[in-house]
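One structure is given below, encoded as structure tokens.
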Amino acid sequence: MAHPEETASLSRTPEGHPELKGGKVGVVLANLGTPDATDYWSVRRYLSEFLSDRRVVDYSPWLWQPLLQLVILSRRPFASGKAYRGIWNRERDESPLLTITREQTDKLATELGRLYGDRLEVAFCMRYGNPSTESVLKRLQAQGCERIVFFPLYPQYGSPTTATANDQAFRALMKLKWQPAIRTVPAYFDHPAYLEALSASVREAYAAATSRPEVLVASYHGVPKRFLDEGDPYYCHCRKTTRLLQEQLGLDDDAIVTTFQSKFGPEEWVGPATVEHVAELARQGVRHIAVVSPAFSADCVETLEEIEEEIRGAFLDAGGETFTYVPCLNARDDHIQALTAIVERELAGWL
């Protein structure tokens with residue numbers, strides 16, 4: 001509900017003036033994105049947008065774009081489309097990432113509505129694909145949101161994730177005649193409520209397992225090693241997340257390890273690589289491992305396909321016997337409570 005002085009101000013516009021709305025605050029959850037369908041052209045459009053982002057692949061466009069458009073995108077959409085088809089939500093005809101992000105948004109809206117009434121508008125957007133960042137920010141501005149909390153759903157800050165989501169939000173604002181004020185949510189890997197939810201998810205998976213995992217593998221999406229050398233804190237945030245999770249769970253040093261997945265391209269990436277390390281654990285005699293993905297706020301192709309199939313297969317093929325995947329926090333109640341607490345912090349002074 002608008003403050004009285006705001007309502008009075010907007011009501012004094014001259015006759016014929018375009019309708020103005022104001023006095024609201026928007027909250028936008030931002031995730032990576034998804035193709036609209038699993039066919040070749042839908043996946044190609046999505047991959048083209050994703051892999052053309054200079055935050056993701058920062059090679060010279062003069063060299064990269066011909067290779068991307070003529071070589072990589074002539075083949076990769078077939079393999080990626082197959083991966084998406086294996087996890088696709090056929091009931092809603094959408095990817096699990098889209099389904100889960102919508103559910104997170106709905107639950108967060110309920111919690112924030114309980115706290116703030118109708119003064120908030122809660123929505124979600126995708127950096128690549130739909131709903132686009134630009135369309136969501138335009139809609140919120142039209143609904144009277146004069147202030148917006150923009151929340152990239154990446155616990156650890158990364159240039160190819162958090163930064164590019166923020167970039168896209170600012171590009172969208174550049175096109176608006178009346179820009180809302182905006183706050184971007186910083187990394188939250190060390191927020192107590194996030195760590196409590198993450199550790200609870202691991203405890204629940206261990207309790208449900210037929211035998212206790214000998215090693216917990218914390219697998220994060222990888223980045224080129226030079227990103228670390230150039231000042232990106234992502235690698236350090238990941239290592240600290242594992243340490244904090246270890247403290248929460250009370251695990252010995254040899255019962256938890258940090259690894260990185262999803263390597264792309266010829267460069268050296270931070271390591272060790274998850275798919276290689278789990279196979280090595282099996283060769284060393286480890287028979288039961290669990291894998292958790294602290295960098296992903298929602299299950300997606302990297303977890304449901306890469307971890308559940310490729311990485312699981314590497315461990316079992318190398319002699320491992322039991323593989324436990326710990327689902328992402330998704331729309332768990334304790335995760336929603338953590339997101340609510342973070343948004344409340346960022347709303348300070350606005351409501």
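Summing +1 for each Lys or Arg and -1 for each Asp or Glu, what net charge is found among the other residues whose Cβ lies under 14 Å from the Cβ of Lys82?
Spelling it out: positives minus negatives among the neighbours equals -1.
Can you classify the stretch 230-332 as rounded, prolate or oblate using the Cα gyration tensor, where a ≥ b ≥ c are the square roots of its eigenvalues, rounded means a/c under 1.5, and otherwise it's prolate if a/b beats b/c and oblate if not?
rounded
Could you list log10 I(q)/I(0) for the stretch 105-197 at q = 0.12, 0.14, 0.17 Å⁻¹, which the Debye formula gives when each Cα is one point scatterer?
Scattering profile of the stretch 105-197, log10 relative to I(0): -0.40, -0.55, -0.81.
Express the relative contact order of the stretch 101-248 as a whole percentage, based on alpha carbon pairs under 8 Å and six or more residues apart in sequence.
Relative CO of the stretch 101-248 lands at 21 percent.
Please give every one of the lysines within straight-line cross-link reach of Lys263, meaning a C-alpha to C-alpha distance under 16 Å, and leave out same-chain neighbours fewer than 8 residues apart.
Lys225
Could you work out the mean projected area of the convex hull around the alpha carbons of the stretch 36-85, in square nanometres to one decimal?
Value for the stretch 36-85: 3.2 nm².
With a 10 Å cut-off between alpha carbons and a GNM built on the chain, which of Gln156, Gln284, Gln246 moves the most?
Gln284
Which residue, Asp106, Asp253, Asp36, has the most motion in a Gaussian network model of the chain that connects Cα atoms within less than 10 Å?
For the chain, modelled as a Gaussian network with Cα springs under 10 Å, the answer is Asp253.
Report, by chain and number, residues whose modeled amide H sits under 5 Å from the one on Gln261, excluding near sequence neighbours (fewer than 5 apart, same chain).
The list, which skips near neighbours in sequence, is Tyr220, His221, Gly222, Thr274.
For Phe50, what charge total do you get from the other residues with a beta carbon under 13 Å from its beta carbon, if Lys and Arg give +1 and Asp and Glu give -1?
Values: positive: Arg44, Arg45, Arg54, Arg55, Arg76, Arg127; negative: Glu49, Asp53, Glu302.
Once all neighbours under 13 Å are counted, the net charge is +3.
In a Gaussian network model over the chain where Cα atoms closer than 10 Å are linked, find which of Ser132, Ser219, Ser74 has the largest mean-square fluctuation.
Largest GNM mean-square fluctuation: Ser74.
Can you work out the PRE-style zone for Glu204? Point 7 Å along Cα to Cβ, and I want the residues of the stretch 297-341 with backbone N under 19 Å.
What the label zone holds, given the 19 Å backbone N cut-off, is 297-300, 303-304, 308, 324-341.
What Kirkwood hydrodynamic radius, in Å, does the chain give when the mean of 1/r is taken over all pairs of distinct Cα atoms and then inverted?
21.7 Å
Just the ratio, please: alpha-carbon radius of gyration of the stretch 228-275 over 2.2 N^0.38 Å, N its number of residues.
Here the Cα radius of gyration is 1.31 times the empirical estimate.
Can you spot the lysines whose alpha carbon is less than 24 Å from Lys138's alpha carbon? Ignore those fewer than 8 places along the same chain.
Straight-line reach from Lys138, under 24 Å: Lys21, Lys24, Lys107, Lys175, Lys177.
We did not get these values from a lab; they are worked out from the coordinates using the rules stated. Because the structure is predicted, anything quoted here is derived from the model rather than measured. Neighbour counts are summed over all protein chains in view; Cβ atoms, including those assigned to glycine, are modelled from backbone coordinates with ideal geometry.
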